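All remarks here apply to the structure that follows.
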Amino acid sequence: MTDEKKVRVRFAPSPTGRLHVGGARTAIYNWAFARATGGDFVLRIEDTDPERSTQENVDVILNAMKWLGLDWDEGPEVGGMAGPYFQTQRMDTYAAALKLMRERGSVYPCFCTKDELDAKRAKAEAEEGGYAGYDRTCRDLDAAEADARIAAGEPHVWRLKVPLEREPIEFDDAVYGHVSFPVEVMDDMIVVRTDGSPTYNFAVVCDDANMGITHVIRGDDHLSNTPRQILIYEALGKDVPTFAHLSMILGQDGKKLSKRHGAASVEEFCERGYLPDAMVNFLALLGWSLDGETTLIDRETLCREFTLDRVTKKDAVFDETKLDWMNGQYVKDMGANAWVRASLLWLAKANILGSAVAAGTPLDPEEAEGAYSQAAIEAALADVQERATWYCALYPLVAERLTRLDEAVDKLAFMFWGPCVQLDEKSVAKVLRKEGARADEALAACRSVLADESVAWEAEALQEACRACGEKLEIKPKLLFQPLRVAICGNMVSPPLFESIELLPRADVLARIDAATKEVFGG
Ligand code: GLU
């Protein structure tokens, strides 16, 4: 193994918007492959489209990579020996590559105008056989004449002189297996445009060759570019890397995953309360498996065990139910501190939503967005800082119940109601007003226990004391605790009751019982 070249892979996004989950999976595979082989992971920004490649779009990609925890060894912000890592800063390398190809006689200038090309195409399309690519008019121009026309400033592009006598272009794709393309169908493609800019296929090959990339792992939408790129490698006299093309990610309806399916970008998943660890785990399994059965695979394992031969060419289906389940597993295991850190925004929103109830101006959770002003969020965030221990104590209340972090807003708002309650009508009807359930007595009994300062303000002690009191009154635990739950938390499906009570001030708990009793029983 020692004589094998060090693995160098790259992720080469075009910064045209948010990072699609398909792109993220490509990034994860490159990253994991580099880590598993002790190789280098390069991030290269393919920013040749001047309209869409804005700084903002570059930041979107870098932030998504950072959020996912995919650290790159070379690239923007970290630099490296093979830089610069933005294509727009590598124009001199493309010019040098063109010069080399001219010297090797593997390209030629083409002076055909757009109108001429359009006319040729239209004519060919009208004939039997159709258009089969550029007709190579300029390929056999006399070299001296071509030089003179260039010197005279005549607009021209540079085309690859496809070696017509060549054998089929074959390669062994690490995922697709053996692939072969007949050379006859290869167009004398443009490598450098009239304005001197490189085409996509040319720039990619120059970069991959100059950066010493050994494995090109990318989406299979690039499979048809690969034979063209191989011809360019050969025209440059460079080694062809190993290719690995990744299948598509489909939605549950079997169509390519897109916005129509809901969230499709890394940013959206972040905004919706998914954890980066869960996303990396989930996306890694869209086309790769450790052993065909293990579903929870942490980063360390992925980075140790990832191999290309376990990548399947079958299209992968994005199963959101599975992602939700997986995210829940990661939430359950992440621990209180990490949870608070990851949930800051949602805890702030729970605070704002709950405090509105305390202030007597309850908000409809669906319409609460307007209440989340920057100032309100900042004040709520300051509260998290000040009372970090209390916020951490909320974690056990929800750790087993959250699939997404954003659900904490609804689930925990009641912890911020102060002395007030917002009673859910259905719960009132089913529990507090239930025929013969003696809910008013149950509430009064629990209130007396909770008011008794001799009972420790601690979940288990409080629960036991309430239970004992209920027994004396011959009220079953369920009929005792459900009314209390509705009075404290507003509904029947709250987090564990006494654990929640323990985290609230006694005065607030008693005030909530009084408020609920008054509202329902008028007492
Ligand atoms: N920049 C190309 C894209 O975003 C990727 C090129 C490649 O991986 O070869 O699709």
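Applying the selection to segment 221-242, what residues are within 11 Å of the ligand (Cβ to nearest atom) and either touching a residue at least 40 places away in the same chain (Cβ under 8 Å) or not in a helix (DSSP H, G or I) (or both)? Steps first, answer last, please.
Quick first cut of segment 221-242, residues within 11 Å of the ligand (Cβ to nearest atom) only: 221-223, 225-226, 229, 241.
Within segment 221-242, LEU223, THR226, PRO241 meet the criteria.
Being under 30 Å from ALA32 (Cα atoms) and in contact with a strand residue (DSSP E or B) (Cβ under 6 Å, 6 or more places away or on another chain), is that true of even one residue in segment 86-93?
yes
Which count do you get for residues in segment 503-516 that are part of a helix (DSSP H, G or I) and surrounded by fewer than 20 Cβ atoms within 10 Å (Cβ to Cβ)?
Residues of segment 503-516 that are part of a helix (DSSP H, G or I), as a first pass: 506-516.
After this cut, where a residue has to be surrounded by fewer than 20 Cβ atoms within 10 Å (Cβ to Cβ) as well, the list is 506-508, 510-511, 514-515.
Total satisfying the criteria: 7.
Enumerate the pairs (first residue in segment 4-23 and under 13 Å from PRO241 (Cβ atoms); second residue anywhere and more than 8 Å from the ligand (Cβ to nearest atom) and open to solvent by 60 Å² or more (accessible area, probe 1.4 Å)) with beta-carbon separation below 8 Å, excluding pairs fewer than 6 apart on the same chain, so at least 6 apart or on different chains.
From segment 4-23, the pairs are VAL7/THR37.
Could you check how many residues of segment 25-34 are of a type in the set (S, T, N, Q), open to solvent by less than 10 Å² (accessible area, probe 1.4 Å) and either touching a Pro at 6+ places or on another chain (Cβ under 9 Å) or more than 13 Å from the ligand (Cβ to nearest atom) (or both)? Before the answer, list the steps.
As a first pass, look at segment 25-34 and keep what is of a type in the set (S, T, N, Q): 26, 30.
Keeping just the survivors that are open to solvent by less than 10 Å² (accessible area, probe 1.4 Å) gives 30.
Cutting the leftovers down to either touching a Pro at 6+ places or on another chain (Cβ under 9 Å) or more than 13 Å from the ligand (Cβ to nearest atom) (or both) gives us none.
Count: 0.
Yes/no per residue for (1) touching a residue at least 60 places away in the same chain (Cβ under 8 Å); (2) of a type outside the set (Gly, Ala, Ser):
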site	(1), (2)
ALA429	no, no
SER448	no, no
GLU460	no, yes
ALA465	no, no
ALA468	no, no
LYS472	no, yes
PHE481	no, yes
LEU497	no, yes
SER500	yes, no
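Just checking, does segment 255-270 include any residue being within 13 Å of the ligand (Cβ to nearest atom), small (Gly, Ala, Ser) and without any contact (Cβ under 8 Å) to a residue 60 or more places away in the chain? Outline the logic, then answer.
Restricting attention to segment 255-270, the residues satisfying the condition of being within 13 Å of the ligand (Cβ to nearest atom) are none.
Scanning segment 255-270 turns up no residue that is within 13 Å of the ligand (Cβ to nearest atom), small (Gly, Ala, Ser) and without any contact (Cβ under 8 Å) to a residue 60 or more places away in the chain.
Quick check on this structure: which one of VAL191, VAL179, VAL175 is assigned to a strand (DSSP E or B) and over 28 Å from MET91 (Cβ atoms)?
On the way: VAL191 fails: over 28 Å from MET91 (Cβ atoms); VAL175 fails: assigned to a strand (DSSP E or B).
Going through VAL191, VAL179, VAL175 in turn, just one is assigned to a strand (DSSP E or B) and over 28 Å from MET91 (Cβ atoms): VAL179.
Report, by residue number, each residue of segment 35-69 that is within 15 Å of the ligand (Cβ to nearest atom), surrounded by 18 or more Cβ atoms within 10 Å (Cβ to Cβ) and either part of a loop (DSSP other than H, G, I, E, B) or modelled with pLDDT under 95 (or both).
ARG44, GLU46, ASP47, THR48, SER53, ASN57
Please go through segment 202-217 and give me each residue that is surrounded by fewer than 24 Cβ atoms within 10 Å (Cβ to Cβ) and in a strand (DSSP E or B), ordered by number.
HIS215, VAL216, listed by residue number.
Right, ARG44: among the charged types (D, E, K, R) and either farther than 30 Å from ARG341 by Cα or without any contact (Cβ under 8 Å) to a residue 12 or more places away in the chain (or both) or not?
Working: among the charged types (D, E, K, R): yes; either farther than 30 Å from ARG341 by Cα or without any contact (Cβ under 8 Å) to a residue 12 or more places away in the chain (or both): yes.
Yes.
Can you tell me which residue is nearest to TRP72 (Cα to Cα) among those in segment 1-24 that are in a helix (DSSP H, G or I) and either within 11 Å of the ligand (Cβ to nearest atom) or open to solvent by 10 Å² or more (accessible area, probe 1.4 Å) (or both)? Quick ask: steps written out before the conclusion?
As a first pass, look at segment 1-24 and keep what is in a helix (DSSP H, G or I): 21-24.
Those left that are additionally either within 11 Å of the ligand (Cβ to nearest atom) or open to solvent by 10 Å² or more (accessible area, probe 1.4 Å) (or both): 22-23.
On the way: GLY22: 18, GLY23: 15 Å.
That would be GLY23.
Identify, from the list GLU154, GLU165, the residue that is modelled with pLDDT under 95 and out of contact with any helix residue (DSSP H, G or I) (no Cβ under 7 Å at 6 or more places or on another chain).
On the way: GLU154 fails: modelled with pLDDT under 95.
Going through GLU154, GLU165 in turn, just one is modelled with pLDDT under 95 and out of contact with any helix residue (DSSP H, G or I) (no Cβ under 7 Å at 6 or more places or on another chain): GLU165.
For segment 243-339, list the helices (runs of 4 or more DSSP H) that sit wholly inside it and hold at least 2 residues that are open to solvent by 10 Å² or more (accessible area, probe 1.4 Å) and of a type in the set (Phe, Trp, Tyr); which are they? So that I can check it myself, show each step before the final result.
On the way: elements: 266-271, 276-284, 299-305, 320-334.
Hits in segment 243-339: 320-334.
Exactly one of these conditions fails for TRP158: (1) within 32 Å of the chain's Cα centre (by Cα); (2) closer than 21 Å to MET91 by Cα; (3) not polar (S, T, N, Q). Give me its number.
Just one mismatch for TRP158, condition (1).
So that you can scan it fast, the table gives a plain yes or no per residue for (1) under 28 Å from PRO362 (Cα atoms); (2) at pLDDT 95 or above:
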{"position": "THR403", "(1), (2)": "yes, yes"}
{"position": "ALA408", "(1), (2)": "yes, yes"}
{"position": "LEU423", "(1), (2)": "yes, yes"}
{"position": "ALA445", "(1), (2)": "no, yes"}
{"position": "ALA456", "(1), (2)": "no, yes"}
{"position": "ALA465", "(1), (2)": "no, yes"}
{"position": "ALA468", "(1), (2)": "no, yes"}
{"position": "VAL493", "(1), (2)": "yes, no"}
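The values are calculated or read from the model by the stated rules, or taken from the named source; none is laboratory data. Computed from a prediction, not measured in an experiment: that's the story for all the values here. We place every Cβ from the backbone using ideal geometry, glycine too, and count neighbours over all the protein chains shown. When the accessible area is computed, the model is the full protein with side chains, heavy atoms only, and any ligands, DNA or RNA have been set aside. Shrake-Rupley method; radii C 1.70, N 1.55, O 1.52, S 1.80 Å.
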